[in-house]
Amino acid sequence: MVDAMADQSMPLCRQQLHQGLKRDHKLKHQGRLQFGLFLKGAGMSLEVHTLFFQRDFTRIMTSEQFNKSYSYIIRHMHGKEGKRASYTPYNCLKIILGNPPQSGVEHHGCPYKHYDEQNLSALLTKLKIESVAERDTIMAHMKDGNSQLACAKHF
């Protein structure tokens, strides 16, 4: 279900996390938090959330390794572990002001804030944003530091 809706129904920051998960079969800690809380906020149950991540992570590790190292954080996000708080998805400002991803190994963050012009332009081309006016507006917002406006124009 998530796979089918990712490209149409997720903002670019979440699409990048989803694509990173599908390509690498894992996400680093900040990516798991950003994407996991988004999925939870979209209504994904604890059980489905665990199965969703387990399906990809177990392509590069055993189920036992996944359960030992990664299922706890999912239960924690849903308020079933730790201080039993139910966490909410990260808002745009938290993502924009957060630590930038390390190139190539992390997928969290805001593409309009954390990507350089060349990488964002290449990504927009890959996403088939062919209207020159639309691309120029998005890139102008990015250059001016208006990440949220760039996202709103695209999404």
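The values are calculated or read from the model by the stated rules, or taken from the named source; none is laboratory data. In this text the structure is predicted, and so the values were computed from the model without any measurement. Reconstructed Cβ throughout: ideal geometry from the backbone, glycine too, with neighbour counts over all protein chains shown. Heavy atoms of the whole protein, side chains included, go into the accessibility calculation; ligands, DNA and RNA do not. Shrake-Rupley method; radii C 1.70, N 1.55, O 1.52, S 1.80 Å.
Name the residues in segment 108-123 that are among the hydrophobic types (A, V, I, L, M, F, W, C) and in a helix (DSSP H, G or I), would you?
Applying the first criterion (among the hydrophobic types (A, V, I, L, M, F, W, C)) to segment 108-123 yields 110, 120, 122-123.
Result: Leu120, Ala122, Leu123.
Kindly indicate whether any position in segment 128-135 is in a loop (DSSP other than H, G, I, E, B) and either within 19 Å of the chain's Cα centre (by Cα) or closer than 22 Å to Gln34 by Cα (or both).
no
Sort out which residues of segment 17-37 are open to solvent by less than 30 Å² (accessible area, probe 1.4 Å) and touching a residue at least 24 places away in the same chain (Cβ under 8 Å), and write them in order of number.
Leu17, Gly20, Leu21, Leu27, Gly31, Leu33, Gln34, Phe35, Gly36, Leu37
Write out, first by first residue and then by second, each pair whose Cβ atoms fall under 7 Å of each other, whose residues are 6+ apart or on separate chains, and whose first residue, in segment 83-107, is under 16 Å from Arg32 (Cα atoms) and open to solvent by 70 Å² or more (accessible area, probe 1.4 Å) while the second is at pLDDT 95 or above and of a type in the set (S, T, N, Q).
Asn99/Gln30
Consider segment 136-155. How many of its residues are open to solvent by 80 Å² or more (accessible area, probe 1.4 Å) and either of a type in the set (A, V, I, L, M) or part of a loop (DSSP other than H, G, I, E, B) (or both)?
Total meeting the criteria: 3.
How many residues, within segment 43-63, are open to solvent by 20 Å² or more (accessible area, probe 1.4 Å) and in a helix (DSSP H, G or I)? Please lay out each step first, then the result.
Applying the first criterion (open to solvent by 20 Å² or more (accessible area, probe 1.4 Å)) to segment 43-63 yields 43-48, 50-51, 54-55, 58-63.
Remaining after also requiring in a helix (DSSP H, G or I): 46-48, 50-51, 54-55, 63.
Summing the residues that are open to solvent by 20 Å² or more (accessible area, probe 1.4 Å) and in a helix (DSSP H, G or I) in segment 43-63 gives 8.
From the list Gly82, Gly109, Gly145, which residue is in contact with a Pro (Cβ under 6 Å, 6 or more places away or on another chain) and among the small types (Gly, Ala, Ser)? Break it down into steps so the answer makes sense when it comes.
Details: Gly82 fails: in contact with a Pro (Cβ under 6 Å, 6 or more places away or on another chain); Gly145 fails: in contact with a Pro (Cβ under 6 Å, 6 or more places away or on another chain).
When all the criteria are applied, what remains is Gly109.
Would you mind finding the one in His107, His78 that is under 25 Å from Leu51 (Cα atoms) and either β-branched (Val, Ile, Thr) or touching a Gly at 6+ places or on another chain (Cβ under 7 Å) (or both)?
Result: His107 is the single residue among His107, His78 that is under 25 Å from Leu51 (Cα atoms) and either β-branched (Val, Ile, Thr) or touching a Gly at 6+ places or on another chain (Cβ under 7 Å) (or both).
Here is a list: Lys40, Lys113, Lys80, Lys68. Which entry is open to solvent by 30 Å² or more (accessible area, probe 1.4 Å), within 27 Å of Ala140 (Cβ to Cβ), at pLDDT 95 or above and not β-branched (Val, Ile, Thr)?
Working: Lys40 fails: within 27 Å of Ala140 (Cβ to Cβ); Lys80 fails: within 27 Å of Ala140 (Cβ to Cβ); Lys68 fails: within 27 Å of Ala140 (Cβ to Cβ).
Being open to solvent by 30 Å² or more (accessible area, probe 1.4 Å), within 27 Å of Ala140 (Cβ to Cβ), at pLDDT 95 or above and not β-branched (Val, Ile, Thr) holds for just one of Lys40, Lys113, Lys80, Lys68, which is Lys113.
Take the residues in segment 1-42 that are assigned to a loop (DSSP other than H, G, I, E, B) and over 18 Å from Phe155 (Cα atoms); name whichever of them is farthest from the chain's Cα centre (by Cα).
The residue in question is Met1.
For segment 64-107, give me the residue count where each residue is part of a helix (DSSP H, G or I) and either on the phi > 0 side of the Ramachandran plot or basic (Lys, Arg) (or both).
Step one: filter segment 64-107 for residues part of a helix (DSSP H, G or I), giving 64-69, 71-77, 92-97.
Next cut, either on the phi > 0 side of the Ramachandran plot or basic (Lys, Arg) (or both) only: 68, 75, 94.
Selection size over segment 64-107: 3.
Specify the residue that is farthest from His154 (Cα to Cα); the eligible residues are those in segment 108-138 that are among the acidic types (Asp, Glu) and without any contact (Cβ under 8 Å) to a residue 24 or more places away in the chain.
Asp116
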